[in-house]
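See below for the structure under consideration.
Computed from the coordinates by the stated procedures, all read-outs in this text should not be read as laboratory data. The model shown is predicted, which means the values in this text are computed figures rather than measured ones.
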Amino acid sequence: MDGQLGGPHRDSSPRPENNVNGDFAFVQCFLELKGTKKGPEGEVHFWMRETMAFERIRGVWRIVHEHASVPFYMDGTFRLAFDLPPRRERS
């Protein structure tokens, strides 16, 4: 995103999915970003997907990989789907 958010904003992650197997763990979740951009764009509100991989090293969990993405329309335009909420949030 070009620029920064000004004023109040919200970054939330409802109901993450956690999977642990020995010394490795994966977390998958949706992130909601809501706020006001500095500049002419004004308010922003969109959802992203995030996956994080953790490894327990000498008894301490550490993030060893992180990936975040915004879905896109597969209609040939490949536009980012900033208006697409997670399935459970759709009305």
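Before moving on, here are some points about what is shown:
- Calculated Rg and Dmax of the range 5-80 using C-alpha coordinates, Å: 16.3, 49
- Shape call, the range 37-76: gyration tensor on alpha carbons, a/c limit 1.5: oblate
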